[in-house]
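First up is the structure itself, then whatever we jot down about it.
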Amino acid sequence: MTATTNQHVLLSVRQACRTFGSYRAVHDVTFDLTEGEVLGIAGPNGAGKSTLFNLITGVPFNASGGRIVYAGRHIERLPAHKIARLGLRRTFQADQVFPELTALENVRLAAHYLNGRRNSRSTALQALERVGLLHSAHLRGGDLSVLARKKLMIAGALVGDPKVLMLDEPAGGLDNDDQDDLATLVETLNADGTTFVIIEHVLHLLRRVANRMIVMVAGEVLVVGSPDDVLSDPRVIDAYLGESNR
Amino acid sequence: MSADTVRLSVTNVTAGYGKLQVVNGISLSVGRGEALALLGPNGHGKTTLLRAITGLGPLTGGTVELDGERIDRLGTPAIVERGLMHVPQGCTLFPRLTVGESLNLAGRLKRARRVRSANLELVLGLFPKLVERRGQPVGAMSGGERQMLAIAMGIMANPSVLILDEPTLGLAPKVRHEILRTLLDIRATGLSLLVADGDVDFLFGLADTWCVVELGRTVGRGTTEEKPTQEQMMAMFVGGAHAPTALAAGPDEEDGHA
Amino acid sequence: MTKYVPSRLIRWAGYLAIAVVIPYVFVAPSSRLLVCTALIYALLAASWNLTLGFGGIFNFAHAGMFGIGGYAMAIATLKLQWASIPSLAFAVLVGAVVGGLTYLPVIRMRGIYIALITFVFVQISYHLVLALPDLTGGSGGLPGVPAMTIAGQSLAQYGGLGYLWMLGAAVAVLLIVLELIMASPFGHSLVALRDNEQLARSRGVNRVRQQFIAFVISGAMAGFTGAMYVAYFRVADVSLFGFGLVTLGLSMIFLGGTKQIWGPVVGAVVITLVNDRLTGLDAWSPVVFAAGTIAVLIFAPGGISAALTRGVAVLRGRLTNSGRPSTSSQTPQRSVEHA
Amino acid sequence: MLDGLVPVLVSTLLLGSMYSLLTAGMSLIWSTLQVFNYAHGAMLIIGGYLIWTLSSTAGLPLPLAVLLATVAMAGLGALVELVVVRPLASRPDGTLMVMVATLALAGLAEGAVQLIWGPENKQVQPVTTATFDIAGVAVRWTTVLAFLLAVGLVGGLMLVVNRTEWGASIRAVAQNRDMAMLLGIKPGRVYLSVFAASAALATVGALVFATTTTLTPAKGSGPLLIAFVVLVFGGTASLMGTLVGAYAIGFIEASTSYWIGLQWSPVAVFVLLVVVMLVRPEGLVRRGS
């Protein structure tokens, strides 16, 4: 993890916001993502973390305001499939796969539409191998274990070497061993050059893999810093536990 | 607590969706006028458990008793009619009904009908905001107001046990305080509460006993007098970090359907 | 899906073999009429399933594209005096264009609204046909469509032997084409959009583009089918856009089952045979037919093909005796109350 | 051109009233269950034949015949919900299944009507053939009656849905089923009552329909399509939209038949419908905030 040595900014989010009617789910969020780093995002339920992912990746909606620049390109108005094709990819909460397609078909679909039709099969096999699912290539998505489905979701986002992977609660619903397994995968992919943004409630996982952390509360960024600093910050403990438990 | 004061008793309940077993054998009980806090990280089965108890979600095993009567085979309307009410997480209520209509509707249960006007007076006293909002559609209200209305509707159903799932989600601290005070007032009337929430202050201010759910099992429990340490609490909320100690404390591990 | 390539080739050879054998099995004119009818409906139902079953789009307009294809055939042969093959190609083209046009109002809609809009589309076609009698013959329709001829040979000769050949081959080819589509990334993208649109979009799938293509393809197939129908029965009239045809097609699809490509073909054959038996019952026949359809929907979700695949899976499990524990041991005590 | 205005408006009044009665029940089912009942037109035809039997064959006075038919049809509507809709609605693909099943039901009803009443045309004799005069145009009193029935019944239904506890529980089930069940409302009962009410309204619509045109077993598709068009035009969510949409369609139909030609009126209506769908697809199906 050598994030800070390379200061190239991959993704720059400026005053991003998203409103639903009168409700502001995300309000004026600003941050930079540096090439090679692992940025963790934490915060209590309803803090707007997933909404932030949504508005950056355009699924299912774009930002209502603010600017988002990825690899030198404004993406705040681009449709989701174009953002993904640029190499900014995401996963979703829980373990979402296409249940009726095999693992290989799941990933090959992504390879075909994200990376071009040429060699989509070998690209897909490569992605499956990177997450360690090659042996399950011919199993239906719906028949895989929870961990395998989570890895399959990552493999789908991983085709053709994207620059940024955004993982939404990758450890949710996993037991300790599976969480370790997943953290190792993130570390390996990061060492290979993939930049990560990870929303996670399992803070010890973030402590392990993240170089930097953002804690969001009520749609805004509360604290930014190293995981250890952030997790011992009284404001963060307040946000999670309330004031009297400091 | 002695057996005759137990209102809600949940024994070895399992629940899940399809192949995914989310709740793996949880037991708990709530006594008359007691408040039980349900803690634990997100996605570990709290909401699934609560929905299974009131029949909103599938229950795959175990028993649920209310005042000694099995209710785990009943449908939701019948369960509520027997006095177990549930305010679900992030409930949008009825966006195109007015506040007044919603409250009125909540009081139409047989058990609530005869005390409807008294309860209406009670909730409007507890939440004065709702008085001025009575003619407005629920969809136009703020999150906090909607949460107040949800709790008020729970009270209007005149339950003996009230389940609240994340009642403070997305609310400002001041509003949380108001809701806490109100719930304490209601508790004083003898209502039993089963509450899952992310705000420990709130929960410990409200409850007598707590219970931590992780990976669909209870991994720790105690009374609010013997408050867990901050370290332990962080573990409850964010899961896993301090799991060895927490898991070891699990008193009722039934290896269900792993 | 793509693992057993040899078995796929064997299956395709099987389809073609059945198509080749059919003309020799069914020799009597009445049975040939029945088989040709069944094959035309098989084309209709199997191609409809592309958008309805695999795409998960509540597309009721397929019957309308079928009717328009039929009228295109009749107009091309009767009014324009075109030969069979160019007319058929014209009908396919018209079907494809109409399929694309039909998708336009659907673009911004989801789910049930599509069922309404596409159903209304069929009715617009019905009324347009009545409103343009110079072109369409109005309520009298366009009778006297010439029999299809290929290389100077009329398909109607020898009790419709040529039609039997052509339709059998068409069904076999359609099944193979549909299999190829559904094994391709394009087919997977339709399934992906149906099962999880957000995930699909984040995997680079452009919903509007893919579904538009699906409508164009299914419109072309429907146009072909309608043209064959008109060329076989030698008349195009407004019953092509009737209520009954929509119901009939949907019944075939759901009786056969939407999960398998060949499901609707089975449904079409069964329903054509049943309908034939019911014709002696006069007014009772729609009653029995509709009641049967409703019973199938209620009691046999997934249709014949699901029952068959389940049966085969059970048999296979018995034979290999893999000792897999039954997953249905955890019968829920109480499922979510729905009523 | 203006000289046609009065007959067009009178015609609009009749058509709009008929259409609003046809559509109100459909709209009620749609807003509660989020499905379209493709058998709605067939229900209307059965209702019409029942009225015909009770009045023309059994010799009952027309109002009594309509009343009895309405009650019987409410029962039939409830039966449809219980037997056909309920087993399918809770499935994952329930909406599609219910629609296909009701489509099949329409076919069943058509066959059944033919078996019971035969294929010949039937017409219900109107209560009165008396007319009065507006600007030289003879207007039937039955048109006024149809208008009063439509406004009275659809308006009454609006009042019931918006003001009574039963109406509130219908809206509650439609907006949030889980929460409705938590308030002790049984969705099954609500659906049953909605289907019964829908069939009852269709029967009154059938009275207007069967006195203005003839009944044949296959005539159900016409009213069904009109109901679809009105739903899209007026917005599917509200009965008020249904009422407005019904008279708007009535006007378009009356004016195109008068000024352009009878065979063009359905085309005009449908073409306008497509245009509206292209321009404001969500606008027309949007619920009131």
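For A:VAL38, the residues whose modelled amide H falls within less than 5 Å of its own, excluding neighbours fewer than 5 places apart on the same chain, are A:PHE196, A:ASN211, A:ARG212.
Both numbers refer to the Cα atoms of the protein assembly as shown; Rg and Dmax are 32.1, 97 Å.
Using 30 Å as the Cα-Cα cut-off, could you pick out the over-long pairs in B:LYS46/B:LYS174; B:LYS174/B:LYS227; A:LYS151/C:LYS259; A:LYS150/B:LYS174; C:LYS79/C:LYS259; D:LYS122/D:LYS186? Violating the 30 Å Cα-Cα cut-off are A:LYS150/B:LYS174; C:LYS79/C:LYS259; D:LYS122/D:LYS186. Mean separation of Cα pairs under 8 Å and 6 or more residues apart, divided by the residue count, gives chain B a relative contact order of 27 percent. Using every alpha carbon pair in the range C:1-241, what percent of pairs falls into each 10 Å bin from 0 up to the bin containing the largest distance? The distribution over the range C:1-241 is 8, 30, 33, 22, 7, 1, given as percents.
For chain B, the mean residue ellipticity at 222 nm estimated from helices alone is -10000 deg cm²/dmol, where every DSSP H run of n ≥ 4 contributes -39500 (n - 2.57) and the total is divided by all residues, rounded to the nearest 500. Given their separation in residues at 0.36 nm each and the Cα-Cα distance between them, C:TYR24 and C:VAL177 gain 52.6 nm when the chain is fully extended. Each listed q (0.14, 0.15, 0.21, 0.25 Å⁻¹) maps to a log10 I(q)/I(0) for the range D:109-165, found by the Debye formula over equal Cα scatterers with no solvent: -0.73, -0.77, -0.84, -0.92.
In plain terms, the chain from C:ILE107 to C:THR279 could stretch by 57.8 nm, reckoned as 0.36 nm per residue minus the Cα-Cα distance.
Between C and D, roughly 4100 Å² of accessible area is buried in total, ligands, DNA and RNA not counted and the probe set to 1.4 Å.
Summing charges over all other residues whose Cβ lies under 12 Å from the Cβ of B:PRO159, with Lys and Arg as +1 and Asp and Glu as -1, gives +1. Taking Cα atoms only, the orientation of helix A:146-158 departs from the longest principal axis of chain A by about 90 degrees. Couplings for the range B:98-108, taken from phi via the Karplus curve 6.51 cos²θ - 1.76 cosθ + 1.60 with θ = phi - 60°, read 7, 4, x, 4, 4, 5, 4, 4, 5, x, 8 Hz in order; Gly and Pro are left as x. Axis angle, to the nearest 10 degrees, between helix D:239-259 and the longest C-alpha principal axis of chain D: 30 degrees. From the P(r) of the range D:110-224, could you give the percentage of C-alpha pairs in the tail past 21 Å? Summing the P(r) of the range D:110-224 above 21 Å gives 56 percent of all pairs. Taken over the range A:158-246, the percentage of Cα pairs per 5 Å bin, counting from 0 up to the bin with the maximum distance, is 3, 13, 22, 23, 18, 13, 6, 2, 1, 0. Of all aspartates and glutamates in the structure, the ones whose alpha carbon falls short of 14 Å from that of D:LYS219, not counting any fewer than 8 places away in one chain, are D:GLU110, D:GLU120. A Förster distance of 22 Å, applied to the separation of the beta-carbon atoms of A:LEU86 and A:VAL224, puts the FRET efficiency at 0.30. What's the Kirkwood radius of the range C:206-251 in Å, using all Cα pairs? Radius from the Kirkwood sum: 12.2 Å. Amide H contacts under 5 Å for A:LEU10: A:LEU33, A:THR34, A:GLU35, restricted to partners 5 or more places along the chain or on a different chain, H placed in the peptide plane at 1.01 Å from N. Debye-formula intensities of the range A:94-162, expressed as log10 I(q)/I(0) at q = 0.15, 0.19, 0.27 Å⁻¹, are -0.35, -0.57, -1.15 (one equal scatterer per alpha-carbon, no solvent). In the range D:21-219, the alpha-carbon atoms span a convex hull of 125 Å³ per residue.
Ligands, DNA and RNA excluded, the heavy atoms of A:PHE61 present near 40 Å² of accessible surface to a 1.4 Å solvent probe. Averaging Cα coordinates gives a centre for the range C:102-124 and one for the range C:205-284; these two points are 18 Å apart. Counting only the Cα atoms, chain A fills a convex hull of 122 Å³ per residue. If you run the Gaussian network model on chain C, springs between alpha carbon atoms under 10 Å, then out of C:MET65, C:MET228, C:MET109 the most flexible one is C:MET109. Counting Lys and Arg as +1 and Asp and Glu as -1 over every other residue whose Cβ lies under 9 Å from the Cβ of A:LEU158, the net charge comes to +1.
The longest stretch of chain B left intact once loop-based GluC sites (Glu not before Pro) with at most 16 other Cβ atoms within 10 Å are removed from consideration, loops following DSSP, is B:1-224.
Taking trypsin sites (Lys or Arg not before Pro) as candidate sites, keep only those in a DSSP loop with at most 12 other Cβ atoms within 10 Å, then name the longest stretch of chain C containing none of them. Counting at most 12 other Cβ atoms within 10 Å as exposed, the longest clean stretch of chain C is C:111-339. Which value does Rg/Rh take for the range C:83-204 over its C-alpha atoms, Rh per Kirkwood? Reported Rg/Rh (Cα atoms, Kirkwood Rh): 1.07. Computed from point charges on the beta carbon alone (+1 for Lys and Arg, -1 for Asp and Glu), the dipole magnitude for the protein assembly as shown about its Cα centre is near 1940 Debye.
Please express the Cα-Cα pair-distance distribution P(r) of chain B as a list of whole percents, one per 10 Å bin, running from 0 to the bin with the greatest distance. In whole percents, the pair-distance histogram is 7, 31, 37, 20, 5, 0. Among A:GLY21, A:GLY46, A:GLY173, the largest mean-square fluctuation in a Gaussian network model of chain A, built with springs joining Cα atoms closer than 10 Å, belongs to A:GLY21. Listed by chain and number, the aspartates and glutamates whose C-alpha is less than 13 Å from the C-alpha of A:LYS163, apart from same-chain residues fewer than 8 away, are A:GLU35, A:GLU37, A:ASP192.
Using the Cβ atoms and a cut-off under 13 Å, what net charge is assigned to the surroundings of C:PHE289, where Lys and Arg are +1 and Asp and Glu are -1?
Net of charged neighbours comes to -2.
Dimensions of the range C:243-325 along the principal axes, based on C-alpha atoms and rounded to the nearest Å, stand at 52, 21, 20, largest first.
GNM on chain C, alpha-carbon springs under 10 angstrom: the most fluctuating residue among C:VAL265, C:VAL230, C:VAL191 is C:VAL191. Charges were assigned to the Cβ only: +1 to each Lys and Arg, -1 to each Asp and Glu. The resulting dipole of chain D about its Cα centre is roughly 580 debye. For the pair the range D:1-38 / the range D:172-206, the C-alpha centres are spaced 22 Å from each other.
The values are calculated or read from the model by the stated rules, or taken from the named source; none is laboratory data. Remember, predicted model here, so these are calculated numbers, not experimental data. All Cβ positions, even for glycine, are placed from backbone atoms using ideal geometry, and neighbour counts span all protein chains on display. All accessible areas refer to the heavy atoms of the entire protein, side chains included, with ligands and DNA or RNA removed. Shrake-Rupley method; radii C 1.70, N 1.55, O 1.52, S 1.80 Å.
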